[in-house]
Amino acid sequence: MKRVLLLAGTGEARAIARALKDDGRFEVIASYAGATSTPADLGVETRRGGFGGAAGLEGFIEDRSIDLLVDATHPFAARMKSNAAAQKIERLHVIRRPWNRHLHDRWISCTDLDTAARRLPADARAFLALGHRHLAAFQDHKASVWVRSIEPQPDHEGGRGDNFHWITGSPGSSDEETALFQACRFTHLVCRNSGGDSGYGKIEAARRLNLPVLMIERPPPPAGSIVATPAQAIDWCLRHAGT
Ligand code: NAP
């Protein structure tokens, strides 16, 4: 039996946990950063909270006799990936493919949030498709910015300036995103190149409406083996089941 530590927080991690949980060759321990109060139940033993850097992760791996480390965190979770990459056991990073620029996309490539904020015009009406912890660069920006949140944000957590507007809702299809963009008269989209299907509606909406997209590029990938899909990660685990 191989004991797998699965660094979670993505749909990819959910798919991997689902596939391995009833496979007698594996015992899976999943780990969440603890950012959300009600994370998805993965059906396996699950811990929450940081490990305490690379050394803390190493200690956990030793204490729990982990054989395989599968890092299925978000493409922008650079610290966790780097801590995982520092481990000496067999490990794999699952990083979904980025979105590719389409012929009619008007992407402005930005290395980070500060660059995107600098390049956003003062008279813009921008949709910030960013997590709440990534809004600081737009605080007190002259542009008006909109942030979407699944839950209402009564205390405007993360974006408190007068230039911030909050929308309650979830990512939608390209038709739904187009309708939102038109209703709010957005002139720009600011987002990270997270990849995946669920967030792609906004990219298509910006394309349809010919809007510029301030696209924040990914951090450099970690050293080590990388696959793009849960199926590839499951194959990797199966290949290591008997080693
Ligand atoms: P990060 O900057 O790489 O992580 C910051 C710290 O949080 C890490 O150094 C680690 O603390 C802890 N951490 C992160 N992921 C963890 C995990 N799965 N289990 C235990 N501790 C974890 O990452 P982030 O951008 O804050 O993202 C945090 C989590 O949210 C990730 O697991 C990621 O998959 C998920 N998520 C992030 C995004 C995003 O946009 N960044 C989107 C969707 C989901 P220690 O150093 O103390 O171990």
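The values are calculated or read from the model by the stated rules, or taken from the named source; none is laboratory data. Model, not experiment: these values are computed from the prediction. Note that each Cβ is placed from the backbone with ideal geometry, even for glycine, and that neighbours are counted across all protein chains shown. Side chains included, ligands, DNA and RNA excluded: accessible areas come from the protein's heavy atoms. Shrake-Rupley method; radii C 1.70, N 1.55, O 1.52, S 1.80 Å.
For region 70-83, the Karplus equation 6.51 cos²θ - 1.76 cosθ + 1.60, evaluated at θ = phi - 60°, returns couplings of 10, 8, 10, 7, 4, x, 9, 7, 5, 5, 5, 5, 5, 5 Hz by residue, with Gly and Pro reported as x.
Scanning residues 5 or more positions from TRP146 or on other chains, those with amide H under 5 Å from its amide H are ALA126, PHE127, LEU128, HIS165, with H placed 1.01 Å from N in the peptide plane.
Each Lys and Arg Cβ is given +1 and each Asp and Glu Cβ -1; about its Cα centre, the chain then shows a dipole of about 480 debye. A cut-off under 14 angstrom between Cβ atoms defines the neighbours of SER174, and their net charge, with Lys, Arg +1 and Asp, Glu -1, is -3. To put it simply, the accessible area of region 133-243 at a 1.4 Å probe is 51 percent carbon and sulfur. Remark: the SER109-GLU151 segment gains 12.1 nm on full extension, using 0.36 nm per residue and subtracting the alpha carbon distance. Annotation: amide H of PHE26 within the under-5 Å range of LYS2, sequence separation 5 or more or interchain, hydrogens built in the peptide plane. Residues whose amide H comes within less than 5 Å of that of ARG48, counting only those at least five positions distant or on another chain, are TYR32 (H built at 1.01 Å from N in the peptide plane). Taken about its Cα centre, region 12-64 carries a charge dipole of about 180 debye when Lys and Arg each add +1 at the Cβ and Asp and Glu each add -1 at the Cβ.
A simple charge model with +1 on the Cβ of Lys and Arg, -1 on the Cβ of Asp and Glu and nothing else charged puts the dipole of region 17-149 at about 640 debye relative to its Cα centre.
Computed across the chain, the Kirkwood radius stands at 19.3 Å (inverse of mean 1/r, all Cα pairs). With contacts taken as Cα pairs under 8 Å at a separation of at least 6 residues, the chain carries a relative contact order of 22 percent.
A dipole drawn for the chain from +1 and -1 charges on Cβ atoms has a positive end, and of THR38, PRO98, MET80 the residue lying farthest that way is PRO98. Placing a pseudo-label 7 Å from each Cα along the Cα-to-Cβ vector at ILE29 and ALA78 gives an inter-label distance of 2.9 nm.
Ranked by the mean number of other Cβ atoms within 10 Å per residue, highest first, peptides 174-185, 79-90 order as 79-90, 174-185.
Expected output is a single nm value to one decimal: the length gained when fully extending between HIS102 and ALA183, i.e. 0.36 nm times separation in residues minus the C-alpha distance. What is it?
Gain in length upon complete extension: 26.7 nm.
Backbone geometry of region 182-188 corresponds, through the Karplus equation with coefficients 6.51, -1.76 and 1.60 at θ = phi - 60°, to 3J(HN,Hα) couplings of 6, 4, 8, 6, 5, 10, 9 Hz, x marking Gly and Pro. Here region 85-226 is treated as a Stokes sphere of Kirkwood radius computed over C-alpha pairs; at 20 °C and 1.002 mPa s its diffusion coefficient rounds to 134 µm²/s.
Peptide packing for 6-18, 92-104 was compared via the average number of neighbouring C-beta atoms within 10 Å per residue; ordered from the highest value, the list is 6-18, 92-104. Residues within the reach of a label modelled at ALA86 (point 7 angstrom out along Cα to beta-carbon, backbone nitrogen below 12 Å), restricted to region 38-67, are 51-59. Under 15 Å from a label point set 7 Å out along the Cα-to-Cβ vector of ASN210, the amide N atoms of region 86-109 belong to 104-107. Working note: Karplus 6.51/-1.76/1.60 with θ = phi - 60° gives region 35-45 the couplings 6, 10, 6, 10, x, 4, 6, 8, x, 10, 3 Hz, where Gly and Pro are set to x.
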